[in-house]
Amino acid sequence: MKKLFLGAMAFLVAVTLVACGSKKDADESIKENKKLVVAVSPDYPPFEFKTLVDGKDQVVGSDIKLAQAIANELGVKLEVTTMSFDNVLSSLQSGKADLAISGISVTDERKKTFDFSDPYYTSNIRLAVKKGSNIKKYEDLKGKTVGAKNGTSSYSWLEENANKYGFTLRAYDEASTMYDSLNSGSIDSLMDD
């Protein structure tokens, strides 16, 4: 059952997360290069994050294990390329990566450019505030500063609604920096999943 699941996931993800190219082109490129190049933003534990393994800085996590299973199924080497989240999909679109796997939400806008595998995780986007904050609803954000990671669906929603609710949006490249900003008080809230 495990091999069947991994094989199905390998097929779905390797075939459908290629941008604007045919399945044949993607398969030929991966087999010709004998490697599967995967774009990730390694700041989203437990899915992908950096840590020391045997004294070496490595990207690990459940998405990386899934990518490795796909590479194994295809009989090629896995090459993980790291970047900020807002560059993950552009790397795929430009052909610098064969696959992007980084907690990517499926949106109608993204579906115009990219194909997606079947979802294997459902996230819930939330607005986070410091304990004791008087922010209870979106209307309470008026005059406040809200953070979100560049390129995320959270950032898109906040950008579309900043004028409606009267808040200032601050973009972040890394989730850890965004959370540090909330804890230090340099932003009033953040949106993340």
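The values are calculated or read from the model by the stated rules, or taken from the named source; none is laboratory data. Please read all numbers here as calculations on a predicted model, not as lab measurements. All Cβ positions, glycine included, derive from the backbone under ideal geometry; neighbour counts span all protein chains shown. Just so you know, the surface numbers come from the protein's heavy atoms only, side chains and all, with ligands and any DNA or RNA stripped out. Shrake-Rupley method; radii C 1.70, N 1.55, O 1.52, S 1.80 Å.
Only one entry of ASP98, ASP43, ASP63 meets the criterion of being of a type in the set (Asp, Glu) and over 17 Å from PHE114 (Cβ atoms), and that entry is ASP43. Taken over region 39-63, the criterion of being within 12 Å of the chain's Cα centre (by Cα) and among the β-branched types (Val, Ile, Thr) is satisfied by VAL40 alone. What do you reckon, is ALA67 at pLDDT 95 or above, touching a Leu at 6+ places or on another chain (Cβ under 9 Å) and within 18 Å of SER91 (Cβ to Cβ)? Judged against the criteria, ALA67 is a match. SER156 versus (1) free of Cβ contacts under 8 Å to residues at least 60 places away in the same chain; (2) touching a Gly at 6+ places or on another chain (Cβ under 9 Å): which is the lone unmet condition? SER156 satisfies every listed condition except (2). Whenever a residue of region 50-65 is under 19 Å from LEU99 (Cβ atoms) and touching a residue at least 40 places away in the same chain (Cβ under 8 Å), its partners that are of a type outside the set (Phe, Trp, Tyr) and open to solvent by less than 80 Å² (accessible area, probe 1.4 Å), lying with C-beta atoms within less than 6 angstrom and at least six residues away or across chains, give the pairs ASP63/GLU48; ASP63/ILE101. The set of residues from region 32-47 being under 29 Å from TYR172 (Cβ atoms) and acidic (Asp, Glu) comprises just one member, ASP43. Out of all the residues in region 20-41, is one or more buried (at least 19 other Cβ atoms within 10 Å of the Cβ), at pLDDT below 95 and either of a type in the set (D, E, K, R) or assigned to a strand (DSSP E or B) (or both)? No: zero hits. Before we move on, is SER84 within 24 Å of ASN124 (Cα to Cα) and among the hydroxyl-bearing types (Ser, Thr, Tyr)? It is true that SER84 is within 24 Å of ASN124 (Cα to Cα) and among the hydroxyl-bearing types (Ser, Thr, Tyr).
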